[in-house]
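Notes for the one structure printed next.
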Amino acid sequence: MASPESAVNGPTMTAGAASKSLRNAFGGVIAFIILVLIGVLAFSIRLFSVIKYESVIHEFDPYFNYRVTQFLSKNGIYDFWNWFDDRTWYPLGRVIGGTVYPGLTLTAGTIWKVVNSLNIPLSVETVCVFTAPIFSAFASWAAYLLTKEVKGPGAGLTAAALLAMVPSYISRSVAGSYDNEAVAIFALVFTFYLYIKTLNTGSLFYATLNALAYFYMVCSWGGYTFIINLIPMHVLLCIVTGRYSSRLYIAYAPLVVLGTLLASLVPVVGFNAVLTSEHFASFLVFIIIHVVALAYYIKGILSPKMFKVAVTLVVSAGLAVCCAVIAILIAVVASSPTKGWSGRSLTLLDPTYASKYIPIIASVSEHQPPTWPSYFMDINVLAFLVPAGIIACFMPLTDSSSFVILYIVTSVYFSGVMVRLMLVLAPAACILSGIALSEAFNVLTRSIKFQLPGIAGNPSIAVRMWCIMSTSKENGSSTVVAPNDIPKTEEAAKEKPAKKNRKKEKENVEKKPTPSKTEKRLLVLPLEASVIAVLLLVLLGAFYVVHCVWAAAEAYSAPSIVLTSHSNDGGLHVFDDFREAYSWLSHNTDVDDKVASWWDYGYQTTAMANRTVLVDNNTWNNTHIATVGTAMSSPEKQAWEIFHSLDVKYVLVVFGGVVGYPSDDINKFLWMVRIGGGVFPHIKEPDYLRDGQYRIDAQATPTMLNCLMYKLSYFRFVETDGKGFDRVRRTEIGKKHFKLTHFEEVFTTHHWMVRIYKLKPQRNRIRGKTKKSKSSRSVSSKRDVRGKRNPWH
Amino acid sequence: MAVGIGFRRRLDFLLLVIAILSAPVLSDLILSKVERQIDLTSQIARISSTIKAENDGSSSVSEILLAIPELQAKNLAYLTARVIEGKGKARTSGLALTVEPANPKGMPPALSFYSIVLPKPLANGDSVTLDVLAAFTHSLRPFPEKITQADIHLVLFQDTGHYLSPYPVKVQSLAVKLPQARIESYTKLDNTKTLGSEIKYGPYENLPPFSYSPIAIHFEANQAFAVARELVREIEISHWGNVQVTEHYDIVHGGAMSKGEFSRLDYQSKPQIRGASAFKHLVAKLPPRAHSIYYRDAIGNISTSHVRGDSKKTEILIEPRYPLFGGWRTAFTIGYGLPLHDFVFESEGKRFLNISFGSPMHDIVTDSITLKVVLPEGSKYFSVSTPFAVQQEEEIKMSHLDIFGRPVVVLKKANVVPEHNQFFQVYYKFNALAMLMEPFMLITGIFFLFVTCIVYVHVDLSISKSSASYLAKLQWDEVRATVQQIQNIINQCLSTHEKLEASLRDLSRTGDVQACKAARKAADGLLKELSKELKPLIAFLQSTPPAAHILPKVEELVAKERELQERLMAKHSTIVDSYEKKLGGKETENRVASVQQKIVALRQDIEDLMEYIDEI
């Protein structure tokens, strides 16, 4: 907070000004150093994964991004745009250039190119691994800028420090987590910063930058729709609350025009930028803001009386036109089956939508609603600080602070719908907590400073002081107390006479407040309470840091392709089965062989094993996934037929029964049944359930015990311990001894986590048929019916 | 003379047809004693022969020819010969002799010849004893060619029972050493006996030149058939103290192809039976003091490796991601750093790298090796000296912060066995100052970055000095300075007010009316002066258009301040007056109360205004 009086006691005006500028410069340097340290913190807290495990790409989607980046760095940008990938979604293929958000890939590709042109030979993998930590440092800086625009540099620094280590964001941006969100959160916060900056300055320069930042966001992540809906909401809020200004117009109109133009340049968005309902709000508000601007303009040139007449005229005529237009729009939108909304957006608006209609969205764990503990896990103490921050934003309520409030409210809602969107909540929570903490510290330190020097000399004043006792230390103090213009420096002490006088008349001050004006009171807490409150706040911050470091080190650093467990004697046991299997596939199968697996492993198989897969984590074709699901849930022979018709040579299943790895294919199997059954009705979920319960023990249904997934998972499993005890399901398996007739085991990894089977060549089938053709006539007719349902026949 | 050798590739039926058209008139050498030992305990067939040659003719002989059937010559990886001096226990082997391919005239076409150049020509009646070692790769043929996981791994080895030589051999014997005692079958000649895992042939006496009797041995071999189809070994010298070695392997199990299923269950429960033909690990023997060892492949680190080190060597046990069965492949990279002073030396103004050539892996066959020695940037005049023939190329590698790139000596050789792990030298000239180039470059870069920042901050980058926006900016700066000045003046006024108030308090304490009046006078003077100073500033603001939106507030501020001043004066006079009239405290307070309220309100207003202006 600026201190106009600081120069008063300077010997001369110039000396005063000089000391002030020097102090500002010094403060600037300190702030800069703190920001650099925050950047270092944000980067280094995300390196636990590299230190504890290794420098490797994590999980599923990052492998795809990594593969795309490799392609980009090898073949150049034009080939990348035109890349038709024939190694996935066999036999359909996938147009990568047109269906991928290219922001992350282009960013990492550019970094790689720049670094290599400086003759620093970093591999593409290294660049990809460290992109996310680098961008989280950027995101903290962007949070500083945004919060600084809202509540000043103190709050900015606090928010940046909080964002640097918020667990929710760490979970998506540890080194190796090379996913869109890594750069998108930076882009999101930075776009918001530029919007607020434009709103505060009314500068067209920042408005243009804002459109460019929005463009980067559109390139990076599908979550850009959050921006293009939140900003119109805020604009609308400003207009409704009578805060319209030319700055608001400059902040919004160029963003919509330029932003939409730029967004439609991104192939994956294209005409969606004007056609889908996600963008509809921005255009509506665009019209409204023009109407309002016109109204203000007319108001300016007309006399009040004339204006009133004009208003009645225009409103009556305009309302009719507007109603007509809106009616047409709604009719158009309503005519499309999904109302113009994409499945994921609809899930946001109606949380039950996905589970009702799109099992493939519902099957992803990160699309589930979060539980309460996950809030505490992911944003920790911020959850308690946020309400305080919201109240701090209301005093005084400005354009920018109303934006922050809107941001937190919407993101809390979205995070409640999908776990994944906790990520959008995290920056908002950090910003508001930063504001809360900074305001609280502001009040508390001011109280301490005011009372410390020579307070004993005049106890009566202290007694008569207008005190606010805060019951809850951190929330109460920051909520009730508004900042005042007391300088924070030692010079305050010299001004004491002035202040004491002011204090004398405090009763009068109390009577003074005028409702229209933002009233600023000097509110001082008792010394002891302030000191304790400061200590408690520091303690709270310490808890947060400890939690964040723990989360970064223990909870979110596992790359999920390498698993570790601690043995009883403290030794570390590594389960590297996934890479073992992918490595085997890549070296010991033909380069054009097709590998079938559930879609979770598609990206990894193409990236690590370089083999063609049927389906992958880009779940664009539900029918194709359903075909694989059907094959997995069919008996061996039908499955063989489906796979054979798709040229599949190997089938890969993930099985955790030996070592107790819970997220294996048997546990995902019901989704395969559901998704398969959604397209091919002969697969019925109840066939696989015994009394509504999913089980694989002796009580399981025969359909379940005969389906391909069961057989491939448990083939010869009983011979490991003689009983066939599944350590994940904690039960003995139902069907223990069986043979495979159409598949043969070609590879199983060290801990049995990945099993690869080969389709036996066709002659085996014919031999079997000639022998049994007569006896199984009745069955074969049934089979034919099923066979026809297979779309690949 | 022509010798036709025909093999019929059947297990026990090997037919040899030797057609001697004319008697050899080569030289008068006679091999008086030949002892051969074939070592088949590893996948490399090592044949070491001790040959005693006598010159029976009149002219002196300076070279001895070795004959090797062409089929085997293809697989010949390594061939050396040494002279043995002394007898019995005092035997010492001398230096390696030059062995070069020879092409003598009139020899059978199906044979390849190598000539050993003797250190000194052999005169009539003299004799010399030679120790010849030949290593053949890929000469153990798996038979059957495809086996299942449970089958035992059998290989077939073929050679000649009699020493094939262009010279007559007086006495000879042959011993074949096998890895295991289990022998499926072997060719029996006269005088053949087995002794555990060894088969002995001979002795045979007085055989003519080009005697050939094929033998075939079919036996179990479960040793690692690790074949590096390609090995790229990069040795990078850094004069900061490190020699970095990076080795990229492309490994295949060179034994019988595995067919059918691979069952992990069988492999885990009975690894000796159901996985006998597979190999699980490789052992590499690195030089001592090797550090920063890593082992990874294209998709990340491989955690299954163990390092043991002592002062003589560093041993690293490498497990590929999966056990390798016949025909299975894998690829990986190992890398390690070595201390510079162990491998780079200086002599005669030149530096040279002295490091071993082949792969450090135990018993591995390398089909093709590419060795790259990356010299530091700025090295000149480099030359290579190797103990055997290699193909040599040069290229440039760009690495960390290079400008010209680093010269790379590329050596290529096919069919490499552990016997090739001999030291070779790369000589080069390098100025130690060139080491400082990169740090200097960095320092310069950062220096210029700072200079640019300083320049950017201090230079006015506006394009036109007369443009409207630039002028407006200048004016705005002036306005801001003026406002600042006005604020300062107001502040001074306020502090004067404080002084007045203070004097009033003093009055109430001491009752000294005179002092109070004096203070009043001083304050009056000061305030007057300040208001004089204020006038031109306000006038300036009024005349400048950019100040238009701030002006009303400033004017309000000044007006409020003046009002405050008046009220204060009034209050002051009232109090002083009442003191002079000796009125009671309560009455005074009553008289002042209304003024006091206004004063407080005004002060509040002024503060708000100041803040507002400040924010602008």
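Worth a mention:
- Report note on the peptides A:137-146, A:183-192: ranked by the mean count of other C-beta atoms within 10 Å, highest first, their order is A:183-192, A:137-146.
- The range A:538-584 and the range B:246-265: distance between their alpha carbon centers, rounded to Å: 32 Å
- Reported to the nearest whole Å, the Cα centre-to-centre distance from the range B:479-535 to the range B:91-134 is 118.
- Cβ-derived FRET efficiency at R0 56 Å, B:H341 paired with B:K259, nearest 0.05: 0.60
- Solvent-accessible area assigned to carbon and sulfur over the protein assembly as shown amounts to 61 percent, based on a 1.4 Å probe.
- Estimated Rh, the range A:89-210: Kirkwood, alpha-carbon pairs, angstrom: 16.0 Å
- For the range B:445-459, Karplus couplings with θ = phi - 60° (6.51, -1.76, 1.60), whole Hz, Gly/Pro x: x, 5, 4, 5, 4, 5, 4, 4, 4, 4, 4, 4, 5, 8, 9
- Ligands, DNA and RNA are left out, and with a 1.4 angstrom probe the accessible area of the range A:272-429 is 52 Å² per residue.
- Debye intensity ratio I(q)/I(0), log10, the range B:494-616, q values 0.09, 0.13, 0.17 Å⁻¹ (C-alpha model): -0.32, -0.60, -0.89
- Net dipole in debye of the range A:148-300 [+1 Lys, Arg Cβ; -1 Asp, Glu Cβ; about Cα centre; nearest 20]: 480 debye
- Across the range A:655-665, computed HN-Hα scalar couplings (Karplus, 6.51 cos²θ - 1.76 cosθ + 1.60, θ = phi - 60°) run 9, x, x, 7, 9, x, 9, x, 8, 9, 5 Hz from first to last residue, x flagging Gly and Pro.
- Rounded to the nearest whole Hz, the Karplus-based 3J(HN,Hα) values (6.51 cos²θ - 1.76 cosθ + 1.60, θ = phi - 60°) of the range B:477-492 follow the sequence 4, 4, 4, 5, 4, 5, 4, 4, 4, 4, 4, 4, 4, 4, 4, 4, with x at glycine and proline.
- FRET E, pair A:S374, A:S246, Förster distance 60 Å, beta-carbon r, rounded to 0.05: 0.85
- For peptide B:600-606, the mean count of partner chain Cβ atoms within 10 Å of a residue's Cβ comes to 5.
- Kirkwood-based Rg to Rh ratio, the range B:73-219, C-alpha trace: 1.00
- Placing pseudo-labels 7 Å out from each Cα toward the beta carbon at B:K177 and A:V309 gives an inter-label distance of 12.0 nm.
- Cα gyration tensor, chain B - rounded (a/c under 1.5), prolate or oblate: prolate
- Around A:V654: net Lys/Arg minus Asp/Glu count, Cβ-Cβ under 12 Å: -2
- Ligands, DNA and RNA aside, B:K170 has an accessible area near 80 Å² when probed at 1.4 Å.
- Efficiency of FRET from Cβ geometry, A:W81 and B:F388, R₀ 56 Å, rounded to 0.05: 0.65
- Amide H contacts of A:F743 (H built 1.01 Å from N, under 5 Å, at least 5 apart or other chain): A:K760
- Using a simple spin-label model with pseudo-atoms 7 Å out from Cα toward Cβ, B:K105 and B:I273 lie 6.6 nm apart.
- Where a label projected 7 Å from the Cα of B:S197 along Cα→Cβ would reach, residues of the range B:205-223 with amide N under 17 Å: B:217-223
- Normalising by residue count, the protein assembly as shown has a Cα convex hull of 264 Å³ per residue.
- The length gained by stretching the chain between B:T148 and B:E529 to full extension, at 0.36 nm per residue less their Cα-Cα distance, is 126.1 nm.
- For A:112-119, mean number of other protein chain Cβ atoms within 10 Å: 2
- Residues with amide H under 5 Å from that of B:E261, placed H, sequence gap 5 or more: none
- Total accessible surface hidden between A and B, rounded to 100 Å², 1.4 Å probe: 4200 Å²
- In the range B:263-350, the C-alpha radius of gyration followed by the widest Cα-Cα span (Dmax) gives 17.6, 63 angstrom.
- Only protein heavy atoms count here; under a 1.4 Å probe, A:L540 has an accessible surface of about 40 Å².
- A:H682 paired with B:W476, simple spin-label distance in nm, labels 7 Å along Cα-to-beta-carbon: 7.6 nm
- Residue-normalised accessible area of the range B:542-616, expressed per residue, 1.4 Å probe, Å²: 52 Å²
- Peptides A:68-74, B:540-546 ranked from most to least packed give A:68-74, B:540-546, packing being the mean of other C-beta atoms within 10 angstrom over each peptide's residues.
- The order of the peptides A:547-560, B:188-201, A:626-639 by mean Cβ neighbours within 10 Å, most packed first, is A:626-639, A:547-560, B:188-201.
The values are calculated or read from the model by the stated rules, or taken from the named source; none is laboratory data. Since we're looking at a predicted model, the values are computed, not measured. Note that we place each Cβ from the backbone using ideal geometry, even for glycine, and neighbour counts take in every protein chain shown. Just the protein is used for accessible areas: all its heavy atoms, side chains included, with ligands, DNA and RNA removed. Shrake-Rupley method; radii C 1.70, N 1.55, O 1.52, S 1.80 Å.
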